[in-house]
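K.L.:
This is the structure I want to talk about, given as structure tokens.
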Amino acid sequence: MNLALVLALGIGLLLGLLGGGGSVLMVPMLVYVAGFAPKQAITTSLVVVGVTSLTALLGHIRGSRVCWKMGAVFGLAGMAGAYGGGRAAAVLPGGILLILFGLVMLATSVAMLRGRRGGADVPSGRAPLCPLRLPLFAVLFDGGMVGALTGLVGAGGGFMIVPALNLLGRLPMHAAVATSLLVVAMNSLAALLGYAGHVQIRYELVGPIAGAAVAGSLVGGWLAGHLGGTVLRRTFGGFVAMVAVFLLYRELTPERLDAIGGLVAAHPDFFRGAAAVLAVMVLSRLRGWLHARYFGADRAAL
């Protein structure tokens, strides 16, 4: 347990330094170091991510960087998706959830290695920080998809929420980071409600781990103003990729692959629907890229 607290402190430190992505290490740490069952690790991670996000959000509220309207719409869609993801996790074995988490870790590492795009962090002139008109369908769609992923695997999803708010919501990067903390907290709460009926939360351990992560995030937030972020972010992205490869190596056994095949065969309609949703999401992203590439960024948001 002492080692778990030290690691939680380190993960919180990374969250404060990097502004997102660090929480993706919480589930592997709880499973392989603290000896948690996969679903108990996910629920504990959701508590830690939610509390840490709320703590970090307070500073952004004081700085008036939170776009409440955008955050509420994105977050409510995410809460619906997160609750559904938490309920869907009841029918998935813990090992399969760990495989999904490993894939999310790989996506996180790619996002961190690429870095955040969008140089216009501060609106120019008298332009408002928060947009007056929302691309409602796009925000609802992305919010629901990110929330569902949060509910399934217990990751905060900040590495997906920040680009979505920046590109779809047209928020400056510093406002997107601040607003994403509100969304992460809302998603974590909804996912916990989805897990509550079929997983028992170990409250006696959640408090110390969450406290260590919050303390680390406060120290990391202070250090962030004194350290170069690009090299640190890319180094950490490489480390996350290595942990993801290790996790997938441990969990992708022949027995687990047979279990996945049996699950698909037992619920073909569900997986066809999931594949259709993913296809729509990929096509939507492709459309946005094509419009941004050939017609300009303003047309991509339509």
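K.L.:
Being over 17 Å from the mean Cα position of the chain (by Cα), modelled with pLDDT under 85 and either surrounded by fewer than 24 Cβ atoms within 10 Å (Cβ to Cβ) or not assigned by TED's automatic domain parsing to the domain that holds Val48 (or both) is the requirement here; does Leu136 meet it?
P.N.:
yes
K.L.:
Can you tell me which residues in the range 11-33 are surrounded by fewer than 24 Cβ atoms within 10 Å (Cβ to Cβ) and modelled with pLDDT of 80 or more?
P.N.:
Pro28, Met29, Val31, Tyr32, Val33
K.L.:
Do you know which of the residues in the range 52-109 that are within 15 Å of the chain's Cα centre (by Cα) and hydroxyl-bearing (Ser, Thr, Tyr) is modelled with the highest pLDDT?
P.N.:
Tyr83
K.L.:
Filtering the range 258-302 down to residues that are part of a helix (DSSP H, G or I) and modelled with pLDDT under 65, which residue is farthest from Pro135 (Cα to Cα)?
P.N.:
Going through the qualifying residues, I end up with Ala297.
The values are calculated or read from the model by the stated rules, or taken from the named source; none is laboratory data. Owing to the predicted nature of the structure, the values given are computational and were not obtained by experimental measurement. Please note: Cβ atoms are built from the backbone with ideal geometry, for glycine as well, and neighbour counts cover all protein chains shown.
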